[in-house]
1. Does residue 34 meet the test of being touching a residue at least 24 places away in the same chain (Cβ under 8 Å) and either among the basic types (Lys, Arg) or at negative phi (or both)?
2. Need pairs with beta-carbon distance below 7 Å; first residue part of a loop (DSSP other than H, G, I, E, B) and within region 44-66, second polar (S, T, N, Q); sequence gap 6+ or separate chains.
3. Please enumerate the residues belonging to region 99-108 that are in contact with a strand residue (DSSP E or B) (Cβ under 8 Å, 6 or more places away or on another chain) and either of a type in the set (D, E, K, R) or open to solvent by 30 Å² or more (accessible area, probe 1.4 Å) (or both).
4. Among (1) under 18 Å from residue 4 (Cα atoms); (2) open to solvent by 40 Å² or more (accessible area, probe 1.4 Å); (3) among the acidic types (Asp, Glu), where does residue 92 come up short?
5. Return yes or no: is residue 4 more than 18 Å from residue 83 (Cα to Cα), assigned to a strand (DSSP E or B) and either open to solvent by 80 Å² or more (accessible area, probe 1.4 Å) or in contact with a Leu (Cβ under 9 Å, 6 or more places away or on another chain) (or both)?
6. Scan region 21-45 residue by residue and report those that are acidic (Asp, Glu) and either in contact with a helix residue (DSSP H, G or I) (Cβ under 8 Å, 6 or more places away or on another chain) or closer than 13 Å to residue 93 by Cβ (or both).
7. Mind counting the residues in region 98-113 that are in a loop (DSSP other than H, G, I, E, B) and closer than 14 Å to residue 59 by Cα?
Amino acid sequence: ENISVVGDFGRKPALSFDGTPSDELVVEVLHAGDGQEVEAGDTITCHYYGAVFGSATADNSFDRGGALSFQIGVGMVIPGWDEGLVGKRVGDRVLLSIPPELGYGARGVPQAGIP
């Protein structure tokens, strides 16, 4: 993928983009954790930094001052998160590049800056 991530683990990252996004879900473990494997139905707690490819931040948990907890793999979050995070390990830092059909679809979320 054409995304670079800079920043210390556990802190708000900076992203840079080059080229065009993939048409498919891209999952890259940037830092391998040593915890148990995440299974569908588990409740996980994570920080996230969401951005539209090539533009400014759409949303992130770092500026809110706390990580987000949710059940994974059961449809509580966008499909790209369910598909990309199940099977990862607790403590992983993961880059997900999510195509629209696994995110918010063709309608997006304009009020959040997601076309």
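The values are calculated or read from the model by the stated rules, or taken from the named source; none is laboratory data. Note that the coordinates shown come from a computational prediction; the quantities given were computed from them, not determined experimentally. Neighbour counts are summed over all protein chains in view; Cβ atoms, including those assigned to glycine, are modelled from backbone coordinates with ideal geometry. Calculation scope for accessible area: heavy atoms of the full protein, side chains included, ligands and nucleic acids excluded. Shrake-Rupley method; radii C 1.70, N 1.55, O 1.52, S 1.80 Å.
1. Working: touching a residue at least 24 places away in the same chain (Cβ under 8 Å): yes; either among the basic types (Lys, Arg) or at negative phi (or both): yes.
Spelling it out, residue 34 is indeed touching a residue at least 24 places away in the same chain (Cβ under 8 Å) and either among the basic types (Lys, Arg) or at negative phi (or both).
2. Within 7 Å, the pairs are 47/61; 48/60; 48/61.
3. Within region 99-108, the first condition is being in contact with a strand residue (DSSP E or B) (Cβ under 8 Å, 6 or more places away or on another chain), and the residues that meet it are 103-104, 108.
Matches in region 99-108: 104 only.
4. (2)
5. Values: more than 18 Å from residue 83 (Cα to Cα): yes; assigned to a strand (DSSP E or B): yes; either open to solvent by 80 Å² or more (accessible area, probe 1.4 Å) or in contact with a Leu (Cβ under 9 Å, 6 or more places away or on another chain) (or both): yes.
Here the answer is yes, as residue 4 does meet what is asked.
6. Of region 21-45, the ones acidic (Asp, Glu) are 23-24, 28, 34, 37, 39, 42.
Correct list: 28, 34.
7. Initially, region 98-113 is screened for residues in a loop (DSSP other than H, G, I, E, B), giving 98-99, 103-108, 113.
This time we only want the ones that are closer than 14 Å to residue 59 by Cα, so: 103-104, 108, 113.
Number satisfying all stated conditions: 4.
Yes/no per residue for (1) of a type outside the set (Phe, Trp, Tyr); (2) more than 15 Å from the chain's Cα centre (by Cα); (3) at pLDDT 95 or above; (4) open to solvent by 80 Å² or more (accessible area, probe 1.4 Å):
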residue	(1), (2), (3), (4)
23	yes, yes, no, yes
37	yes, yes, yes, yes
41	yes, yes, yes, no
44	yes, no, yes, no
57	yes, no, no, no
65	yes, yes, no, no
80	yes, no, yes, no
